[in-house]
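Notes follow once the structure below has been shown.
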Amino acid sequence: MEAKTLEEIREIRDVAKAAKAYAIAKKMGVEMKNEASEIEIRAIREMGKLIQEGQQRGEIATQERHPGSVPAGYTVPATLPEIGISRKESSTAKNLLNISDEVFEEKINEFKENSKPLTKTALLREVASENINTDVIIPAGKYRIVYADPPWKYSDVKAYRPEGAAENHYPVMSVEQICNMKMPDIEDNAVLFLWATSPLLEDCFKVIKAWGFQYKTSFVWDKVKHNMGHYNSVRHEFLLICTRGSCLPDNVKLFDSVQSIERTENHSEKPEEFRNIIDTLYPYGKRIELFARKEINGWECFGNQL
């Protein structure tokens, strides 16, 4: 609680990680491991607070700089890598910080009282799994344009970096749940823009069929920054374009199928440029965003995170 700088916080975190490793190596009880984990988690949460405050003061950059992008003579905020913090560490710290103090303390105590192994991944998942709004009301109306970014559930959580899993950020759904979910009323001639990742590309076509659409083509979002995968270093996602009936674009403008837009630090956040493309191609008809995270003018939006 007395630590005031990122350097002090990192030192506390590293000592706690070393203590936990020692407890595991010596096969100590879960209480000792949880004691060390709690200190590590509190340190990382405090790190998120200091990063956020530094960004608000303009001392820490909110995104990476490209070489040569800073004019001579200008003072610029330090990027996260320059202060020794990776994007993954920053994301985890902010996710922990986003948990309310009351819920955070309650969950820490639950793990300790029930002697459940405490890790930052387990804590984030438990909070996310309980953060489900079951009283979502789908907006009334009949829609021509549907935009969806489903909370896909991955069977492989990636043991080597579990803190990056989607389950730590929001409640996820299986392919079957997405296929069978209650849908809004959709026109006979409509278009669906569906976000898909490479590992789940085959499953996406089950959803397209279940929702009553046919696949037509796709955009590729080149995220510029990489995410490690099992078979390659992944830096893209797909925005699949699917139609029901006849629904060619109202505007014949042809956008480049590959859009290179650097991703942000926010997990799974999609660039607004793609919504602008949709609005340009289809300026007419009622439009709805499924699994929305914020309200958008001109769109009906519903989703758990609203």
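The values are calculated or read from the model by the stated rules, or taken from the named source; none is laboratory data. Keep in mind the model is a prediction, meaning the values are calculated, not measured. As a convention, Cβ positions derive from the backbone with ideal geometry for all residues, glycine included, and neighbour counts pool all protein chains shown. Accessible surface areas use protein heavy atoms only, side chains included; no ligands, DNA or RNA. Shrake-Rupley method; radii C 1.70, N 1.55, O 1.52, S 1.80 Å.
Given the conditions (1) at pLDDT 90 or above; (2) open to solvent by less than 10 Å² (accessible area, probe 1.4 Å); (3) not aliphatic (A, V, I, L, M), report the number of the one that residue 168 does not fulfil.
For residue 168, the exception is condition (1).
Would you tally the residues in segment 202-240 being in contact with a helix residue (DSSP H, G or I) (Cβ under 9 Å, 6 or more places away or on another chain) and acidic (Asp, Glu)?
2
Give me the pairs, please: first residue somewhere in segment 275-292 and polar (S, T, N, Q), second residue anywhere and open to solvent by 10 Å² or more (accessible area, probe 1.4 Å), beta-carbon distance under 7 Å, and either six or more positions apart or on two chains.
Close Cβ pairs (under 7 Å, with a partner that is open to solvent by 10 Å² or more (accessible area, probe 1.4 Å)) amount to 280/251; 280/253.
Can you say whether residue 198 is closer than 28 Å to residue 186 by Cα, at pLDDT 95 or above and among the polar types (S, T, N, Q), as far as the supplied structure shows?
Criteria not met by residue 198.
Need pairs with beta-carbon distance below 8 Å; first residue under 17 Å from residue 61 (Cβ atoms) and within segment 33-51, second among the aliphatic types (A, V, I, L, M) and not in a helix (DSSP H, G or I); sequence gap 6+ or separate chains.
Going by the 8 Å Cβ cut-off, the qualifying pairs are 47/85; 51/60; 51/80; 51/85.
Going through segment 44-81 one residue at a time, which ones are among the small types (Gly, Ala, Ser) and either open to solvent by 80 Å² or more (accessible area, probe 1.4 Å) or modelled with pLDDT under 80 (or both)?
61, 68, 69, 72, 73
For segment 185-202, which residues satisfy the criterion of being open to solvent by 40 Å² or more (accessible area, probe 1.4 Å) and without any contact (Cβ under 8 Å) to a residue 60 or more places away in the chain?
185, 188, 189, 198, 199, 201, 202
Just one of (1) at pLDDT 85 or above; (2) crowded, with 19+ Cβ neighbours inside 10 Å; (3) closer than 22 Å to residue 293 by Cα trips up residue 182, so point out which.
(2)
Taking the condition touching a Pro at 6+ places or on another chain (Cβ under 8 Å) and over 19 Å from residue 88 (Cα atoms), does residue 215 pass?
no
Could you list, in sequence order, all residues of segment 1-43 that are loosely packed, with under 12 Cβ neighbours inside 10 Å, under 29 Å from the mean Cα position of the chain (by Cα) and either aromatic (Phe, Trp, Tyr) or within 13 Å of residue 118 (Cα to Cα) (or both)?
none
Among residues belonging to segment 185-225 that are of a type in the set (A, V, I, L, M) and in a helix (DSSP H, G or I), point out the one that is nearest to residue 244 (Cα to Cα).
208
Of the conditions (1) modelled with pLDDT under 85; (2) within 22 Å of residue 2 (Cβ to Cβ); (3) surrounded by 12 or more Cβ atoms within 10 Å (Cβ to Cβ), residue 84 satisfies every one except a single condition; which number is it?
(3)
For the subset of segment 87-116 comprising residues that are among the small types (Gly, Ala, Ser) and assigned to a helix (DSSP H, G or I), which member is farthest from residue 51 (Cα to Cα)?
91
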